[in-house]
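Have a look at the structure below, then the notes.
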Amino acid sequence: MKYESQRVAMPYFIFALVLFAGQIVFGLVLGMQYVVGDFLFPEIPFNVARMVHTNLLIVWLLFGFMGATYYLVPEEAQTELYSPLLAWILFWVFAVAGTLTILGYLFVDYATLADITMNKLLPTMGREFLEQPTVTKIGIALVVVGFLFNIMMTALKGRKTVVNIVLITGLIGLAVLWLFSFYNPSNLTTDKYFWWFVVHLWVEGVWELIMAAILAYVLIKLTGVDREVIEKWLYVIIAMALITGIIGTGHHFFWIGPPEYWLWLGSVFSALEPLPFFMMVLFAFTMINRRKRNHPNKAAILWAMGTAVMAFLGAGVWGFLHTLAPINYYTHGTQLTAAHGHMAFYGAYVMIVLTIISYAVPIMRGRPYGNSNTAQVVEMWGFWLMTISMVFITLFLTGAGILQIWLQRIPDSGEALSFMATQDNIALFYWARMIAGCFFMAGLVVYFGSFFIKGQASFDEEVRGATIQDA
Amino acid sequence: MTHLNLAPETDTRQLPGDIAVWIFIFAELAVFGIMFIGFAVARSLDPATFHAGREALHPIIGLINTAALITASYFVATAVHQLRQKLPGVQWRLWLAIAVSCIYTVGKMYEYVNLYSQGYNLGTDTFFMFYFFLTFFHFMHVILGQVILVVLAVKVGNGDYDGSDMNGMESGACYWHMVDLVWLVLFPMIYVLA
């Protein structure tokens with residue numbers, strides 16, 4: 001760690017991981033409720049558990065992105081963070097507001113929560129993933145503005161690098177698009193437009209910029225490949241992400257009431273959305289093959305390769321499976337969507353946050369070359385357990401989705417099974433998914449365990465070329 | 001007896017421009033390529049709509065636009081040649097290319113205004129969806145290409161390019177020729193082929 005103020009990333013990472021654990025617990029509750037309908041009812045109804053599961057994901061990824069940014073921007077800019085104090089204040093504001101919101105979901109019914117938080121003054125609640133009370137949404141906006149101020153002041157006073165510029169562009173996009181969550185038109189079609197402007201343009205637009213920038217930073221550090229080469233790849237990847245992702249939003253507009261031309265535009269552009277993810281795979285593997293040094297932090301390298309591959313599979317391949325309009329006509333809103341959602345979020349965004357954590361946390365703990373070999377082996381066990389479990393979760397949900405489409409969507413209206421009758425027929429897949437989910441939890445426990453193993457990697461003869469701390 | 005040298009030539013030929021620009025170009029061509037296939041499929045499913053749509057277009061303006069883009073490309077290509085040979089006249093060729101390409105942008109805007117005032121838009125039918133989307137998407141690429149040419153011309157004027165490193169100039173020129181190439185498919189496909 002070159003700059004003391006980078007250390008402010010630590011609480012962000014720790015809190016992100018705590019929320020990650022919470023997300024997985026609620027994932028297990030949900031998985032159980034799929035097969036045992038009244039599990040934990042009435043204490044935790046399905047809709048509440050689902051809201052907590054998805055909201056925890058969003059919030060912990062935001063904590064992860066912020067931690068990553070606080071860590072890498074000062075080092076890239078070669079200067080101390082503008083205000084570590086502001087970063088600490090915003091951490092506590094965000095952590096307290098986030099926790100209160102989740103507790104609100106759990107202990108107050110949603111309508112009462114809307115009343116208490118005076119949703120009537122500016123109604124924004126009630127939309128999937130954007131369920132947060134208006135006051136929380138305002139809080140998120142303020143925290144992000146303060147965070148951006150801090151980061152931009154840091155970047156402006158120091159060295160301007162492509163990694164910083166791309167990362168900050170992505171973060172500004174994240175903040176600007178969030179503003180659409182405050183607009184809640186009564187017309188359902190318009191409502192869906194603006195809702196997707198947040199949801200889609202985050203995960204298939206600006207978040208890809210954030211992911212690519214973090215990946216580029218980690219690869220510069222781990223491989224020692226020239227910055228110029230990595231920056232060139234970064235430019236091409238983000239150009240492709242934006243070209244395909246922005247008009248690709250159209251794949252959400254197929255059946256919500258807008259003009260027919262979205263069937264074409266949405267299909268064509270989203271069919272190309274796997275491209276930037278495929279290029280990230282090429283990018284990661286090419287850079288690692290051309291490495292100028294063998295970094296002792298093998299676990300971080302594994303996460304970096306893993307995130308590229310899993311993002312391509314989850315976001316790219318599983319997205320493409322059902323993105324063409326004639327196919328989506330049958331698959332829309334089935335378990336196939338759930339399969340895609342799980343692997344895409346895990347591969348692209350969970351894993352990129354775990355990548356930077358794997359690289360940065362050992363350094364912040366005074367282990368500049370990574371954790372000890374034992375700790376890395378345990379961490380890699382966590383990697384494989386979680387990743388393979390996620391592959392199985394995705395495959396089982398895909399199986400459930402295909403059967404659901406076959407029974408419920410393809411037959412003519414008189415012969416098709418009802419939604420609930422179909423659910424009974426695919427229960428076996430849900431049980432299998434539940435088992436895979438338990439293995440994921442086990443992987444998470446192993447992963448957490450790796451943080452408690454002492455010792456550090458040494459700068460041994462394996463390390464070729466320049467010293468680890470340069471670039 | 002003529003001596004035949006079978007020894008492998010020392011191949012010093014390199015891809016003009018930056019590899020990153022080529023990846024970008026291929027990705028762009030993939031987008032247009034898929035749209036072209038979509039156009040062909042949609043037309044085979046509903047030839048009457050496509051025939052009627054084509055009748056409403058202005059082929060002469062299309063032809064003028066084609067000539068403008070090809071001429072602009074000629075000046076870009078000769079500008080690259082001049083720079084590579086370290087000869088004068090690079091900058092005015094680039095400015096001329098930009099000026100000629102503006103015939104295209106003005107012509108295209110005239111067409112849009114004309115069609116729009118007649119009541120045609122993106123939602124009219126499948127033909128006009130493709131027409132407006134494909135040509136406007138291409139139009140945006142032309143604008144970007146013009147911006148790139150302006151940057152190149154300014155850099156040449158500032159003496160940033162002296163012909164020893166052709167990477168920037170060739171990359172910009174490759175992008176411009178891609179834009180040109182796409183139009184050479186678009187024009188016959190939309191305006192001409194019955």
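The values are calculated or read from the model by the stated rules, or taken from the named source; none is laboratory data. All figures in this text were calculated on a predicted structure; none of them were measured in a lab. Because the Cβ atoms are built from the backbone with ideal geometry, glycine has one as well, and the counts that use them run over all protein chains shown.
A few notes on this one:
- Residue in region A:103-114 that is of a type in the set (Gly, Ala, Ser) and free of Cβ contacts under 8 Å to residues at least 12 places away in the same chain present: yes
- Cβ-Cβ under 6 Å pairs, at least 6 apart or on other chains, region A:1-30 side over 21 Å from A:LEU222 (Cβ atoms), far side among the hydroxyl-bearing types (Ser, Thr, Tyr): A:VAL8/A:TYR70
- If you filter region B:29-60 down to residues that are facing chain A (nearest Cβ under 10 Å) and β-branched (Val, Ile, Thr), you find that the one that is farthest from B:TRP176 (Cα to Cα) is B:ILE37.
- Meets criteria (assigned to a helix (DSSP H, G or I), of a type in the set (S, T, N, Q) and closer than 30 Å to A:SER458 by Cβ) for A:THR307: yes
- Evaluation of A:PHE451 against (1) buried (at least 16 other Cβ atoms within 10 Å of the Cβ); (2) under 17 Å from A:ILE388 (Cα atoms) (one fails), failing number: (2)
- Complete set of residues in region A:239-271 that are closer than 23 Å to B:MET140 by Cβ, more than 11 Å from every other protein chain (Cβ to nearest Cβ) and hydrophobic (A, V, I, L, M, F, W, C): A:LEU242, A:ILE246, A:PHE253
- Long-range neighbours under 6 Å by Cβ, at least six apart or interchain, first residue over 21 Å from A:TRP88 (Cβ atoms) within region A:120-145, second surrounded by fewer than 16 Cβ atoms within 10 Å (Cβ to Cβ): A:THR134/A:LEU122
- Criterion: at pLDDT below 95 and either surrounded by fewer than 24 Cβ atoms within 10 Å (Cβ to Cβ) or within 30 Å of B:THR124 (Cβ to Cβ) (or both) - qualifying residue of A:ASN294, A:ASN328: A:ASN294
- Helices (runs of 4 or more DSSP H) wholly inside region B:83-194 that include at least 1 residues being within 14 Å of chain A (Cβ to nearest Cβ) and surrounded by 20 or more Cβ atoms within 10 Å (Cβ to Cβ): B:126-157, B:167-187
- Region A:116-137, residues that are part of a helix (DSSP H, G or I) and closer than 29 Å to A:ALA338 by Cα: A:THR134, A:THR136, A:LYS137
- Test result for A:ASN289, more than 30 Å from B:ASN121 (Cβ to Cβ), more than 11 Å from chain B (Cβ to nearest Cβ), free of Cβ contacts under 8 Å to residues at least 12 places away in the same chain and not acidic (Asp, Glu): yes
- Residues located in region A:271-300, provided they are more than 19 Å from the chain's Cα centre (by Cα) and part of a helix (DSSP H, G or I): A:ALA271, A:LEU282, A:PHE283, A:PHE285, A:THR286, A:MET287, A:ILE288, A:ASN289, A:LYS298, A:ALA299
- Test set (1) within 14 Å of chain B (Cβ to nearest Cβ); (2) crowded, with 20+ Cβ neighbours inside 10 Å; (3) touching a residue at least 24 places away in the same chain (Cβ under 8 Å) - A:GLU231 fails condition number: (2)
- When every residue of region A:449-456 is checked against the conditions, none turns out to be at pLDDT below 90, charged (D, E, K, R), under 30 Å from the mean Cα position of the chain (by Cα) and farther than 30 Å from A:ILE393 by Cα.
- When A:LEU90, A:LEU57, A:LEU106 are checked against the criterion of being part of a helix (DSSP H, G or I), closer than 13 Å to A:ALA9 by Cα and not hydroxyl-bearing (Ser, Thr, Tyr), a single residue qualifies: A:LEU90.
- Between A:VAL73, A:VAL52, A:VAL8, the distinction of being within 23 Å of A:ILE393 (Cβ to Cβ) and of a type in the set (A, V, I, L, M, F, W, C) belongs to A:VAL52 only.
- Residues in region A:275-286 that are more than 10 Å from chain B (Cβ to nearest Cβ), surrounded by fewer than 22 Cβ atoms within 10 Å (Cβ to Cβ) and not hydroxyl-bearing (Ser, Thr, Tyr): A:PHE278, A:VAL281, A:PHE285.
Here is a yes/no grid of residues against (1) among the hydroxyl-bearing types (Ser, Thr, Tyr); (2) at pLDDT below 95:
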position	(1), (2)
B:ILE25	no, yes
B:ALA30	no, yes
B:ILE37	no, yes
B:HIS58	no, yes
B:THR71	yes, no
B:ARG84	no, yes
B:LEU87	no, yes
B:ALA97	no, no
B:SER101	yes, no
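To keep it simple, each residue is scored yes or no on (1) under 22 Å from A:ILE140 (Cα atoms); (2) assigned to a helix (DSSP H, G or I).
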{"position": "A:THR189", "(1), (2)": "no, yes"}
{"position": "A:LEU201", "(1), (2)": "yes, yes"}
{"position": "A:GLY205", "(1), (2)": "yes, yes"}
{"position": "A:ALA212", "(1), (2)": "no, yes"}
{"position": "A:TYR217", "(1), (2)": "no, yes"}
{"position": "A:VAL225", "(1), (2)": "no, no"}
{"position": "A:VAL236", "(1), (2)": "no, yes"}
